[in-house]
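Step one of this worksheet: look at the structure below.
The values are calculated or read from the model by the stated rules, or taken from the named source; none is laboratory data. What you see is a predicted model, and the numbers here were worked out from it, not measured in a lab. For neighbour counting, all protein chains shown are included, and Cβ atoms are generated from backbone atoms with ideal geometry for every residue, glycine included.
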């Protein structure tokens, strides 16, 4: 399209944004209007996308990081013929795919946005996958607001993209000067963004975002820039085109006061249909299947002492040999998480994300959107850094594996800052998540393989220290299952642990067995979903359940077990929780477990008290 | 000290770092050795600190963001006479204040470090407090590693400090080239850091971090630089001074292979005692008490419709008038969280942090370390962005208030990205936290006041939409309490809600009352600590408890209530949970509540089923 046609298209996008928000009675039309020229040019002259085949591997990716500009995105879909007028008008109504902020309920949306500062980090993951793993070239466009440039996650992404020379990535910053509350920090100072981005190795183009020739040229410049990502820094005006709202404060996130006159001022409704360029290869060229061969997992002998983090790394390396879709990311601690085993064998599919956990998770989200199966690892404690990205990944219906090492006080001397003690609570509350916490090497290996086939957010919690192998290499560990490691008809109480505490529970049970007291022991390796049947049987058989976890008392194994006995299911007579209640310090792993009251001796002492004084 | 003396002191710090890690059998001596020259010069020639009076308001602040260099920090304390040799040797042992990473168990440590990239954001809060609120000048020094410059939170802080012209802030970057796993992204390229920092408005000094004259001059330059924060970017060598480890990979976080010969190579033990300069004012000039007058909270009439976020903002403004120590921070959404009411009345104590939630929480942590009482607010959903900072704040023994608005599906059309549905789970699992969720305006106001006096991390969850006032303005709401809003001798079931769901529970109970079924209703405004007594009475009286929460099923009110019935306390006959189990979309608040099954009609229908089919 020439610039007159593009201008007409942009006005159509504005009109449609205004009318759809007006109809919904909510939404962000002014934030849409500022970026309309930018997106008109992109859609008509630069984007390659087959809306009939959103899975086409050659499709460019467009991430609306400023997800609140959804009226603009949906107006683009309308102009491209991807949706019709009838569906368009369902915006923000019950059951509509056109939500307030975009989600992958729409097939052309790869990831949900709406938590600002996430689009670029995810786009970096997409561009990385395209440039390092892809066989079909595509470009990645991210539309960002100016306010969200304050998010540190954006600078993690800028650093990563510059360092990796991601020239397929174009960031479009809609510098409309106004955030939600009022003026942004840098207001109209385009060069404030420009000099920062250039310092990080980016190519920048600073333009008037309402000068259509400049906009069109900027996209061409981005496409012809090699070895550097490009940022198009576009000065715009919020509410552009309607005098009553243009560049005015206090109008964020509100329909226009008079939509009818605004539409008239914008030149009225139009019905321009854009024929979006398709990728060069035919749609039939969907992603070619990646290598799938038998996975030869490492096998460990019962009684061996192996850290589950080691078992994770070695299983991952084996999985990588058998599954070509596996990619691995790490936050500069692969020597600790042991993802280094994968990195050494499959360097082409290993991504070093340095100490930037938000970028770590976002890159994984971007890669899974393109069909890869990511395993991203760091210390369990530091995954809290990416909580908002994990939350949004669930809304993105993302399928990925997150692995947190160094769980609990059992790490010892390094102290509480390095101890994952909130991770189970965080991951259990993520929508549709799976939460796994193995206690030995064979179990870990089996779960690493099983995770590959699951959907949603899968979390694996691993241990720093060595634990004895208690299962044979052919044992099966279904998701949602558990293992009963000690059992008799005379069990008077059931101990429930996972990870480190399984071994402490076993030792406690053996001590009590020597004293003539039978104790059942359950290994609750699948914390979510949880094995309701086994726990209910244990409650019926023994009356008393004691959970033991290397985690804070809230949100972890104690809560997972208690949840089994809700919703009308009869409760056990007694439910007792042992967990890390006090703030730990620095000490040996054994001392830490004892101080927290979750070592074998403390458990045994607790059971004796319970059996003698409480239950009798 | 002259440069020969400083060099001797630096060697002493190295020797002491080596020997204390050797004795402990763990720790990070090589990361300490690289920064020894920098810290020797700072301690002897630049820092003003009265180690006998850590509460002295004129003390400079020193934050070891690279907390793993704790051997160096403790060696500095030893040199300054703050600790003795006997205590020094307790490093990393059970019960010692000298933990693997520094915590405020030591009176000279303001905040815990060990999760990288947090020291500078906290230091920004300290410098902001000093420059905008303080009457006693002090400088803030942050020692950072080079690896942690990859964390986005560092760039949030750099942006904030540059924008606010924090010339009392000095960042010392120990560019020792090696991270944990291997080389950093920029290795020895000091200017890679320098040009980035300068683009953000910082003054930079690039030096050889082992050239003592250059180091000493750099600190002088920082002190004499006005209107800009200064970064001393120091090229160093990890393990400096011992050939076996200097600048070598694979030696992170390990004692030296041969400590004895290393100490000899470093010139042996020394016993230099540094007389650290004290602040100019006498120690008696401790912080002057801030204004404390009666707080005239807003009062609401029963039946009024008021959003609890509005009540929060107005109560905060009133609290600000009566309490001079209150400071308020917001993440560029003060018009939504309603902290704008405070901002308008007390602009001198309001801090706009823009959309940078990590910096938001970190600034609050820094300010509370200096005696202020922060209230920091953003959407509940976006507080997940700062989870790792909240976790570390608990380890820092920080006292601060965090306020999350827009809780739950009740926000309506904006959709799941904006809905706080994991926040209760996150905050309940924080060590020593208090979690509050009021349902009306008078309750909110009372809790905002009560929070001021608490210690630890306090979380208040507020609502976007209006709810009816159900309590009078003189009602009292103790922390750890609850309110029984419907009660009779014939109650057959107890409904437990908080926030939005209190009102849905009340309507459901009234519907069932019309049908002749008595239902108890408990307002569980204090989610943690929870009112065990009232819940136990309800269980005894009615046998069946039903929790209703606008939150995911895990980690929130259902789990909080279940926890009451553990540890040997008898369980209720039935415990039923209603929560947001499915992924919400965009719809009206009423439709969202209904879709989640937590509106009055769904609750009533559930109760009928329960009473007729299950309990009989």
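Quick look at the numbers
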{"quantity": "Filter pass, residue A:85 being surrounded by fewer than 19 Cβ atoms within 10 Å (Cβ to Cβ) and more than 19 Å from the chain's Cα centre (by Cα)", "calculated": "yes"}
{"quantity": "Complete set of residues in region A:189-209 that are within 14 Å of another protein chain (Cβ to nearest Cβ), in contact with a helix residue (DSSP H, G or I) (Cβ under 8 Å, 6 or more places away or on another chain) and in a loop (DSSP other than H, G, I, E, B)", "calculated": "A:200, A:201, A:202"}
{"quantity": "Residue A:535, sole failed condition from (1) under 17 Å from residue B:559 (Cβ atoms); (2) more than 30 Å from the chain's Cα centre (by Cα); (3) at pLDDT 95 or above; (4) at the interface with chain B (Cβ under 9 Å from one of its Cβ atoms)", "calculated": "(4)"}
{"quantity": "Test result for residue B:96, without any contact (Cβ under 8 Å) to a residue 40 or more places away in the chain, over 18 Å from residue B:161 (Cα atoms) and either not assigned by TED's automatic domain parsing to the domain that holds residue B:366 or not in a loop (DSSP other than H, G, I, E, B) (or both)", "calculated": "yes"}
{"quantity": "Qualifying positions in region A:573-593 - more than 7 Å from chain B (Cβ to nearest Cβ) and either surrounded by 18 or more Cβ atoms within 10 Å (Cβ to Cβ) or not in a helix (DSSP H, G or I) (or both)", "calculated": "A:573, A:578, A:579, A:580, A:581, A:582, A:584, A:588, A:589, A:592, A:593"}
{"quantity": "Single unsatisfied condition, residue A:456 versus (1) within 10 Å of another protein chain (Cβ to nearest Cβ); (2) surrounded by fewer than 24 Cβ atoms within 10 Å (Cβ to Cβ)", "calculated": "(1)"}
{"quantity": "Residue match in region B:288-307 (condition: assigned by TED's automatic domain parsing to the domain that holds residue B:401, within 22 Å of residue B:137 (Cβ to Cβ) and exposed (fewer than 15 other Cβ atoms within 10 Å of the Cβ))", "calculated": "no"}
{"quantity": "Some residue of region A:455-474 being free of Cβ contacts under 8 Å to residues at least 24 places away in the same chain and either under 26 Å from residue A:593 (Cβ atoms) or outside the structural domain of residue A:373 (by TED's automatic domain parsing) (or both)", "calculated": "yes"}
{"quantity": "Failed item, numbered, when residue B:42 is tested on (1) in a loop (DSSP other than H, G, I, E, B); (2) crowded, with 21+ Cβ neighbours inside 10 Å", "calculated": "(1)"}
{"quantity": "From A:407, A:445, A:393, residue being in the same structural domain as residue A:464 (by TED's automatic domain parsing), more than 12 Å from the chain's Cα centre (by Cα), under 25 Å from residue A:324 (Cβ atoms) and surrounded by 24 or more Cβ atoms within 10 Å (Cβ to Cβ)", "calculated": "A:445"}
{"quantity": "Tally, over region B:51-85, of residues that are assigned to a loop (DSSP other than H, G, I, E, B) and in contact with a strand residue (DSSP E or B) (Cβ under 6 Å, 6 or more places away or on another chain)", "calculated": "3"}
{"quantity": "Flag if residue B:174 is assigned to a strand (DSSP E or B), touching a strand residue (DSSP E or B) at 6+ places or on another chain (Cβ under 8 Å) and at negative phi", "calculated": "yes"}
{"quantity": "Options A:189, A:216: the member that is free of Cβ contacts under 8 Å to residues at least 40 places away in the same chain and assigned by TED's automatic domain parsing to the domain that holds residue A:70", "calculated": "A:189"}
{"quantity": "Selection status of residue A:9, modelled with pLDDT of 95 or more, part of a helix (DSSP H, G or I), in the same structural domain as residue A:126 (by TED's automatic domain parsing) and surrounded by 19 or more Cβ atoms within 10 Å (Cβ to Cβ)", "calculated": "yes"}
{"quantity": "Among the residues listed as B:230, B:236, B:225, the single one being in contact with a strand residue (DSSP E or B) (Cβ under 9 Å, 6 or more places away or on another chain), modelled with pLDDT of 95 or more and surrounded by fewer than 18 Cβ atoms within 10 Å (Cβ to Cβ)", "calculated": "B:225"}
{"quantity": "Condition broken by residue B:514, with the remaining ones in (1) out of contact with any strand residue (DSSP E or B) (no Cβ under 7 Å at 6 or more places or on another chain); (2) more than 8 Å from chain A (Cβ to nearest Cβ); (3) under 27 Å from residue A:430 (Cα atoms) satisfied", "calculated": "(3)"}
{"quantity": "Region B:320-353: number of residues that are more than 10 Å from every other protein chain (Cβ to nearest Cβ) and either outside any loop (DSSP other than H, G, I, E, B) or without any contact (Cβ under 8 Å) to a residue 40 or more places away in the chain (or both)", "calculated": "19"}
{"quantity": "Pick from region A:550-564, criterion more than 7 Å from chain B (Cβ to nearest Cβ) and assigned to a loop (DSSP other than H, G, I, E, B), ranking: surrounded by the fewest Cβ atoms within 10 Å (Cβ to Cβ)", "calculated": "A:553"}
{"quantity": "Residues that are touching a residue at least 40 places away in the same chain (Cβ under 8 Å), farther than 16 Å from residue B:63 by Cβ and more than 7 Å from chain A (Cβ to nearest Cβ), drawn from region B:171-186", "calculated": "B:175, B:176, B:177, B:178, B:182, B:183, B:186"}
{"quantity": "Residue in region B:147-170 that is more than 11 Å from chain A (Cβ to nearest Cβ), touching a helix residue (DSSP H, G or I) at 6+ places or on another chain (Cβ under 9 Å) and part of a helix (DSSP H, G or I) present", "calculated": "yes"}
{"quantity": "Failed criterion for residue A:568 (all others in (1) in contact with a helix residue (DSSP H, G or I) (Cβ under 6 Å, 6 or more places away or on another chain); (2) touching a residue at least 24 places away in the same chain (Cβ under 8 Å); (3) within 13 Å of chain B (Cβ to nearest Cβ) hold)", "calculated": "(2)"}
{"quantity": "Selection count where residues are surrounded by fewer than 24 Cβ atoms within 10 Å (Cβ to Cβ) and either under 13 Å from the mean Cα position of the chain (by Cα) or within 11 Å of chain B (Cβ to nearest Cβ) (or both), scope region A:105-119", "calculated": "1"}
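Quick grid of which residues meet (1) touching a residue at least 12 places away in the same chain (Cβ under 8 Å); (2) more than 8 Å from chain B (Cβ to nearest Cβ); (3) in a loop (DSSP other than H, G, I, E, B):
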position: A:355; (1), (2), (3): yes, no, yes
position: A:361; (1), (2), (3): yes, yes, no
position: A:366; (1), (2), (3): yes, yes, no
position: A:375; (1), (2), (3): yes, yes, no
position: A:381; (1), (2), (3): yes, no, no
position: A:386; (1), (2), (3): yes, yes, no
position: A:391; (1), (2), (3): yes, no, no
